[in-house]
1. At 7 Å along the Cα-to-beta-carbon direction for both residue B:81 and residue B:12, put a label point, then send me their distance in nm to one decimal.
2. List residues of the stretch B:75-99, by number, whose backbone nitrogen lies under 13 Å from a label position 7 Å along Cα→C-beta of residue A:32.
3. What average count of beta carbons from other chains do you get within 10 Å of the Cβ of residues in A:102-114?
4. Using the Cα gyration tensor of the stretch B:1-61, with a ≥ b ≥ c the square roots of its eigenvalues, what is the shape: rounded (a/c below 1.5), prolate (a/b larger than b/c) or oblate (neither)?
5. If I build a Gaussian network model for chain A, linking alpha-carbon pairs within less than 10 angstrom, which residue out of A:69, A:12, A:93 has the largest mean-square fluctuation?
6. Along Cα→Cβ, 7 Å out, is where each label goes; now give me the distance between the ones at residue B:94 and residue A:42 in nm to one decimal.
7. Under a crude label model (7 Å from the Cα following the beta-carbon direction), how far is residue B:42 from residue A:80 in nanometres?
8. Counting other beta carbons within 10 Å of each Cβ, put B:35, A:10, A:35 in order, fewest first.
């Protein structure tokens with residue numbers, strides 16, 4: 001149980017274009033979704049926290065106008081990377097809290113901007 | 001916010017020996033401490049976790065200890081096997097997960 005489906009698993013886009021990543025909770029309602037970015041050989045860095053029906057909370061240093069997060073329903077949260085540049089190339093992964101303790105993770109999206 | 005430090009960054013052990021990874025955290029409000037194993041390009045996999053009201057937890061060859069006073073927790077892997085080679089992350093939960101920098105464990109056959 002508690003599965004988060006993340007799509008796409010990988011995407012290549014041209015500089016200046018936008019890319020949308022979706023995370024869907026399949027068998028539970030995700031009130032809160034966390035979005036992480038992971039550069040090669042580095043740790044997972046929290047970008048933002050999204051709550052269903054409200055604005056996302058962004059971590060310090062994360063551009064909210066560049067990384068648009070929408071959490072319109074209890075089962076869907078999306079991250080849109082706008083005007084992507086090569087330095088945005090990274091592994092993006094979503095996560096949702098499950099119960100009082102515990103988290104489930106999406107399978108991640110490898111974004112390459114060329 | 002929470003700050004998690006993890007050491008060492010790399011660890012090489014002989015098969016059959018033990019591996020220990022240590023983490024410290026800064027926020028006393030953190031109450032849940034999971035450990036993850038991550039393969040390249042994959043999602044983190046939970047290997048063991050501990051809640052703040054518990055001092056130690058064991059699951060077969062893996063154990064975690066927590067010292068709330070000192071704000072540190074450790075992962076112990078005994079009788080290491082080649083398949084234990086991976087990147088391991090500790091994390092602390094103060095309503096959101098903050099991850100340590102990771103430890104690359106290599107088990108030499």
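FYI, it's all coordinate maths here, none of it is from the lab. In this text, all values refer to a predicted model and were calculated from it rather than measured experimentally. Cβ atoms come from the backbone with ideal geometry, glycine included; neighbour counts cover every protein chain shown.
1. 2.3
2. Residues B:93-98 qualify, since their backbone N sits under 13 Å from the label point.
3. The per-residue average across the peptide is 3.
4. Prolate.
5. Comparing A:69, A:12, A:93 in a Gaussian network model of chain A, the most mobile one is A:12.
6. If labels sit at residue B:94 and residue A:42, their model points lie 2.2 nm apart.
7. About 3.4 nm separates the two model spin labels.
8. Going from sparsest to densest Cβ surroundings: A:10, B:35, A:35.
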